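All remarks here apply to the structure that follows.
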Amino acid sequence: METKQITLDATKIDQRYIYRTLKRIFDFCASLLALIPLSIIFLVIALLIKLDDGGPVFFSQTRVGRHGKLFKIYKFRSMRVDAEDLLEKLMEKNQVDGPMFKMKDDPRISRVGKFLRKYSLDELPQLINVLLGDMSLVGPRPPLPREVVEYTDYDKQRLYVTPGCTGLWQATERNNVGFAGMVKLDLEYIQNASVWLDLKIILMTVKILFVPNGAY
């Protein structure tokens, strides 16, 4: 049985002024307060990455944000230095449908990177993106420009809002669904977005830090 597609009204979403203002205030305060105590963890992770292969600690990449705005996302480097060069050779082993690459036991991931990804620690620097306003704590995963090129008009609805560090997809199904399933969850989130739903997803994500949901 075919799942009914969700059609969103971009204008109505843009007019959620009170929600967006509250969300931005919370994002700014929470990310700023979190970065202070996390600075010690940042130093430990940076040291582990350096000891592993001597390469760069951070990894930055261009992503697509709200309404197609491009920005640089920041993460702890969890892959080998030559990961981007190896990607083309691995595309035929992609384990998800649609414009997104996922591969279990990806040979590009470093030894330290496997641990960081299991507990989503590689994504902690995205709090800087939240502080700057390019991302929110909760929202759809920010896609790569090459992924968006393959988007249908339906898929592009997930760009109606600011992307997030975590979201309904990350906190629930994650690697259990393909691209279409991710889009469906993102659109469900956008359709029902509220302060309470955001808080619920944040709590679910905190739980994943202690009980990983199979991220890779």
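The values are calculated or read from the model by the stated rules, or taken from the named source; none is laboratory data. Model, not experiment: these values are computed from the prediction. Counting neighbours? That spans all protein chains shown, and the Cβs are built from the backbone with ideal geometry, glycine included. Only protein heavy atoms, including side chains, enter the accessible area calculation; ligands, DNA and RNA are left aside. Shrake-Rupley method; radii C 1.70, N 1.55, O 1.52, S 1.80 Å.
Miscellaneous remarks
- Those residues of the range 3-24 which are under 12 Å from ASP198 (Cβ atoms) and free of Cβ contacts under 8 Å to residues at least 24 places away in the same chain, in sequence order: ARG20
- Residue match in the range 121-132 (condition: more than 13 Å from the chain's Cα centre (by Cα) and not hydrophobic (A, V, I, L, M, F, W, C)): no
- Residues in the range 112-163 that are at pLDDT below 95 and among the aromatic types (Phe, Trp, Tyr): PHE115, TYR119.
- Verdict on THR7 being among the hydroxyl-bearing types (Ser, Thr, Tyr) and part of a helix (DSSP H, G or I): no
- When SER120 is tested against (1) touching an Asp or Glu at 6+ places or on another chain (Cβ under 8 Å); (2) open to solvent by 10 Å² or more (accessible area, probe 1.4 Å); (3) among the hydroxyl-bearing types (Ser, Thr, Tyr), just one condition goes unmet, and that condition is (1).
- Residue match in the range 98-108 (condition: modelled with pLDDT of 90 or more and among the aliphatic types (A, V, I, L, M)): no
- Residues satisfying the stated conditions in the range 123-181, i.e. open to solvent by 10 Å² or more (accessible area, probe 1.4 Å), hydrophobic (A, V, I, L, M, F, W, C) and not in a helix (DSSP H, G or I): LEU124, LEU137, LEU144, VAL149, VAL161, CYS165, VAL177
- The test for being touching a residue at least 60 places away in the same chain (Cβ under 8 Å), touching a helix residue (DSSP H, G or I) at 6+ places or on another chain (Cβ under 9 Å) and charged (D, E, K, R) holds for ASP198.
- Subset tally (residues that are over 19 Å from ASP106 (Cα atoms), in a loop (DSSP other than H, G, I, E, B) and open to solvent by 20 Å² or more (accessible area, probe 1.4 Å)) for the range 39-86: 4
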